[in-house]
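What follows is a single structure, written as structure tokens, with notes after it.
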Amino acid sequence: MTMTIGIREKPKELSDRELEVVRLIAKGYSSVEVGRLLFITDRTVQQHVRNVFNKLGVDSRIEMIIELLWKGKLKIEEVRGELE
């Protein structure tokens, strides 16, 4: 039996805030626009996106959206939105 002390596995589930950011990005909003809508800085938005990339093992926003659609975490209706 091997014990690892002090190292915790990061949870792979997205936080509510990460999902909120992703849903707005999927609608076509930029990091600056998402930040304004959520009252956070665009750098905080970018950090949320990086966290999601790491949790999903993806490298781009389109991959992130496709992966979340495939996993059922996003609905196609959430991707369309106000830009149509």
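Taking the Cα centre of the range 16-79 as reference, the dipole from Cβ charges on Lys and Arg (+1) and Asp and Glu (-1) amounts to some 80 debye. With the simple model of a label 7 Å out from the Cα in the direction of the Cβ, Ser15 to Phe53 spans 1.8 nm.
What is the Rg over Rh value, at two decimals, for the range 16-79, using alpha-carbon atoms and the Kirkwood definition of Rh?
Result: Rg/Rh = 0.93.
Neighbour counts of other Cβ atoms within 10 Å put Phe39, Phe53 in the fewest-to-most order Phe39, Phe53.
Readers should treat all values here as calculations from the given coordinates under stated rules, not as data from a laboratory. All values reported here derive from a predicted model rather than from experimental measurement. Using ideal geometry, Cβ is built from the backbone for each residue, glycine included, and neighbour counts are taken over all protein chains shown.
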